[in-house]
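The values are calculated or read from the model by the stated rules, or taken from the named source; none is laboratory data. Quick caveat: nothing in here was measured; it's all calculated off a predicted structure. Please note: Cβ atoms are built from the backbone with ideal geometry, for glycine as well, and neighbour counts cover all protein chains shown. Ligands, DNA and RNA are excluded from the accessible area calculation, which covers all protein heavy atoms including side chains. Shrake-Rupley method; radii C 1.70, N 1.55, O 1.52, S 1.80 Å.
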Amino acid sequence: MSEILSFIKTKNPGEHEFHQAVENVIHSVKPLIDRNPEYRQEAILKRITEPEKVFMFCIPWVDDQGQVQMNRGFRVGMNSAIGPYVGGLRFHPSVTLSIIKFLAFEQVFKNALTTMNMGGASGGSDFDPKGRSDREIMRFCQSFMAELHRHIGPNKDILTADIGVGAREIGFLFGMYKKINSEFSGILTGKSLTLGGSLIRPEATGYGMVYFASEMLSTRNQTLAGKTCLISGSGNVAQHAAEKLIEMGAKVLTMSDSAGYIYDEEGIDAGKLDYIKRLKNFRRGRIKAYLDKYSDALYVETDATLDHQPMWDIAADCAFPCASHNEINAADAGHLVKNKVRLVCEGADMPCDADAVGVFLESNLLYGPGKAANAGGVAVSGLEMAQNSMRLSWPREEVDQRLKTIMKRIHKSCLEAAEAYGFSGNYLAGANIAGFDKVVNAMLDQGVI
Ligand code: NDP
């Protein structure tokens, strides 16, 4: 395994996030490789870690002052063995090829776990939507799609939401694709209802993660009712995770953005969450403004000089990182374990770094990796694609029920795969093994292509 890892590091220099994502999978699937010697002959590890396609392109656009701006666009098709590429688009200044490759790699296993036929991809741009007007966002999205449209299609590559991409961006991207290709087709999911979007898609990642957490707790005869919860982030995933947790009787203590976190000892109830939604989604404000209305809460600014985030040292029963990658390090993980947190469940992709994951796996807490726990979002993207093909729209209850069933199934398959390969109770190993097994079998069935 160390040989393949050093091969990948040499071949993809400086791509630390990608190396981390690969390393995280490779250790778990070793027993599978050992039991199937033909995988070495077929160079499975080298093939599954090499993107099938990588596109990088220039996105020139004009801002409101008439100044030409330039950003870089990406789309990585990592693996299409089990279906057309499906994966998020991220618009954030931190976006690099390494980040898009890590997201695309994670997406391969996540999509396989949903049991739907979707390959793994990711894309995005280093464009920062913060502070930009709707017209600027529109012009940027149009320029982005003017290039990307050549590489995507309803049976080829389908785009979903990620950081910085919501219904507004999806609408602009969809409009441009439709104009260029003269077709109204399902190349994007997360669309508004008027464009053929699915009910529950915006909620799906957060809701699905809470359903997954509830399944994890049930293995220890516990429920979410009455549990105190820490949530990071205040975007799409965090908001809907909070909504479902509140509905299930849990008490949400924190939410955050990149500038800081709020701590409301009384709990963020449905009314307070509604304020946060309006603040973040319509006023595009900062989480700090929570205190303008709820002054008893505490606001703590992010301090980049600290080696840990104080938010993860607040006493609670459960922790749900829902902001971004590598937001929990070993020091944070140590605080969570010391405070006897019973469950850490990832709404974001790879929010816990490798050392933090090591701390969790050595402790007694339940650790739910993002590729399993947050797969509800892409699962409902799959359901949106199905509804678009049938020109049908399922009611909210039906989509929610399907989402619940899918999350239960993912939970079960993680536990079963972990058990079968000697990693009993280890959801990370189970998710990696179950996803890997499905994709590799499809690769072998298709020969060397
Ligand atoms: P949003 O853009 O809606 O929200 C992101 C939130 O995270 C914001 O509160 C943002 O704060 C915060 N954030 C972003 N970067 C950082 C950072 N470096 N440090 C601290 N806070 C940060 O994104 P989503 O909610 O859609 O996505 C959140 C996570 O969930 C991502 O990891 C994404 O990959 C994952 N995910 C999302 C899915 C979806 O359906 N949307 C599906 C599966 C996974 P600020 O406003 O200050 O930037």
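Each Lys and Arg adds +1 at its Cβ and each Asp and Glu adds -1 at its Cβ; summed about the Cα centre, the stretch 51-184 shows a dipole of about 160 debye. Hey, if you put +1 on the Cβ of every Lys and Arg and -1 on every Asp and Glu Cβ in the stretch 51-184, which of TYR177, PRO60, GLY88 ends up farthest toward the positive end of that dipole? Positive-end residue among those listed: TYR177.
Is there a pair in LYS191/LYS438; LYS110/LYS338; LYS9/LYS227; LYS178/LYS438 whose C-alpha atoms are over 32 Å apart, and which pairs would that be? From the list (LYS191/LYS438; LYS110/LYS338; LYS9/LYS227; LYS178/LYS438), the Cα-Cα distance tops 32 Å for LYS9/LYS227; LYS178/LYS438.
For the chain, the Cβ-based charge dipole about the Cα centre amounts to some 1140 debye (Lys, Arg positive; Asp, Glu negative; other atoms uncharged). Out of the total accessible area of the chain (probe 1.4 Å, heavy atoms of protein only), what percent is carbon and sulfur? The nonpolar share, carbon plus sulfur, comes to 51 percent. Cα centroids of the stretch 151-171 and the stretch 269-343: 28 Å apart. Per residue, the solvent-accessible area of the chain (1.4 Å probe, heavy atoms of protein chains only, all protein chains present) comes to 41 Å². For the stretch 204-373, just run the numbers: alpha carbon Rg, then divide by 2.2 N^0.38 Å, N being how many residues it has. Relative to the rule-of-thumb radius for its length, the stretch 204-373 sits at 0.94. A convex hull fitted to the Cα coordinates of the chain yields 142 cubic angstrom per residue. Ordered from largest to smallest accessible area (heavy atoms of protein chains, 1.4 Å probe), the residues PHE57, PHE423 come out as PHE423, PHE57. Length available on full extension from MET56 to MET248: 0.36 nm per residue minus the Cα-Cα distance, which gives 64.8 nm. This model, with +1 at the C-beta of Lys and Arg and -1 at the C-beta of Asp and Glu, gives the stretch 204-373 a dipole about its Cα centre of some 520 debye.
Pairs of Cα atoms in the stretch 1-47 fall into 5 Å distance bins, from 0 up to the last occupied one, in shares of 5, 21, 32, 24, 12, 6, 1 percent.
When the helices of the chain are scored as -39500 (n - 2.57) per DSSP H run of n ≥ 4 and the total is divided over every residue, the value at 222 nm lands at -14500 deg cm²/dmol.
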